[in-house]
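These notes are about the structure you will find just below.
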Amino acid sequence: MSKSYNKGKVKAVDDLSLSVRPGEIFGFLGPNGAGKTTTIKMMVGLLKADSGTISINGYSIEREPIAVKQSISYVPDNPEVYEKLTGIEYLNFLGDVYGVPAAARRERIARFLDLFGLTGAVNNLIQSYSHGMRQKIVLIGALLHEPQVFILDEPMVGLDPKSSHSLKEYMKEHCAGGRTVFFSTHILEVAEKLCHRIGIIHQGRLIACGTMEELREQSRDKSLENIFLELTE
Ligand SMILES: Nc1ncnc2c1ncn2[C@@H]1O[C@H](COP(=O)(O)OP(=O)(O)OP(=O)(O)O)[C@@H](O)[C@H]1O
Ligand SMILES: [Mg+2]
């Protein structure tokens, strides 16, 4: 797919072709302005591609947007939250939107609040939450319907080490059941340790894609940092 801004002046994504398999944690890397967020917004139906097609879980984002949205969850890089709702009101609202049955909802809300250490704050207004707490309530809301494909744009930014660890553990658990995680990040150590496959985008083009081993073969280097720096030079 391709996408330009400003009537074609800025080519943000340039003939990008990519597939991610079930059961995979896929890390999407690239320098600032490389086109990661633009790609993700096209995947989740927030931006329309100029050309190309995207299908998720077998559904076309263009022809079957609702089916795609029912099978994914998307956590943006800068999530907006409803400040005048309490945490639990927000979670129940999302549970309603995604049609999560009451019993499953209760169980998941309790489990995820515990996982992210937010149980004590859930009855307070979101406007009183810290940056990291807001991020965590958005993450929990995104997980309530147990999406087939979990799409996150720089999810570790602003999370403390324990929450970041919990999120990584959850990603592994999510994929072990045959579901998929696609996330962008600048934290190369996380990508190296966590991802089954990694794609590197630079100036809108996919310049490398594969397992760590395949990336190492491609550039005869050991660390992802050096591979990244060499390829995006
Ligand atoms: N709304 C917009 N209008 C015009 N140009 C835009 C717009 N959004 C993004 N761009 C441009 O498109 C390119 C890709 O931006 P994008 O946000 O996708 O990058 P990114 O890889 O997510 O970067 P970062 O790591 O900084 O989040 C950049 O050159 C950016 O300036
Ligand atoms: Mg971005």
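Where a number appears in this text, it was derived from the coordinates with a stated rule and is not lab data. Keep in mind it's a predicted model, so treat the numbers as computed, not measured. Glycine also receives a Cβ, built like all others from the backbone with ideal geometry; neighbour counts cover every protein chain displayed.
Per residue, the chain reaches -11500 deg cm²/dmol at 222 nm when only DSSP H runs of four or more residues are counted, each adding -39500 (n - 2.57).
Length gained on full extension, K48 to E83, computed as 0.36 nm times the residue gap minus the Cα-Cα distance: 9.7 nm. Under 19 Å from the 7 Å Cα→Cβ point of V157, by amide nitrogen: which residues of segment 95-138? Output list for this probe position: 130-138.
Note on segment 57-132: Kirkwood radius taken over Cα pairs, Stokes-Einstein applied at 20 °C and 1.002 mPa s, translational D equal to 152 µm² s⁻¹.
Residues whose amide H falls under 5 Å from that of R205, counting only those 5 or more places apart or on a different chain, are D14, with hydrogens built in the peptide plane. 3J(HN,Hα) couplings calculated from phi for segment 214-219 with the Karplus curve 6.51 cos²θ - 1.76 cosθ + 1.60 (θ = phi - 60°) are, in sequence order, 5, 5, 5, 4, 5, 10 Hz; Gly and Pro show x. Any idea what angle helix 161-176 forms with the longest principal axis of the chain, computed on alpha-carbon atoms, 0 to 90 degrees, nearest 10? The helix 161-176 is inclined about 80 degrees to the chain. The alpha-carbon positions of the chain define a convex hull whose volume is 127 Å³ per residue. Charging the Cβ of each Asp and Glu at -1 and of each Lys and Arg at +1, and nothing else, the dipole of the chain about its Cα centre rounds to 400 debye.
With respect to the chain, whose longest principal axis is taken over its alpha-carbon atoms, helix 87-97 is tilted by about 70°. Angle of helix 102-115 to the longest C-alpha principal axis of the chain, folded into 0 to 90 degrees and rounded to 10: 70°. When each of the peptides 29-41, 177-189 is scored by the mean number of other C-beta atoms lying within 10 Å of its residues, the order from highest to lowest reads 29-41, 177-189. Here is the link list: K3/K41; K11/K193; K3/K36; K36/K222. Which ones come out longer than 22 Å on Cα distance? Listed pairs above 22 Å: K11/K193; K36/K222. Our coupling estimate for segment 193-206, obtained by passing each phi through the Karplus curve with A = 6.51, B = -1.76, C = 1.60 and θ = phi - 60°, is 7, 9, 8, 6, 9, 10, x, 10, 10, 8, 6, x, 10, 7 Hz, Gly and Pro reported as x.
Using 1/(1 + (r/R0)^6) with R0 = 35 angstrom and r between the beta carbons of K172 and K9, what's the FRET efficiency to the nearest 0.05? So the FRET efficiency works out to roughly 0.25.
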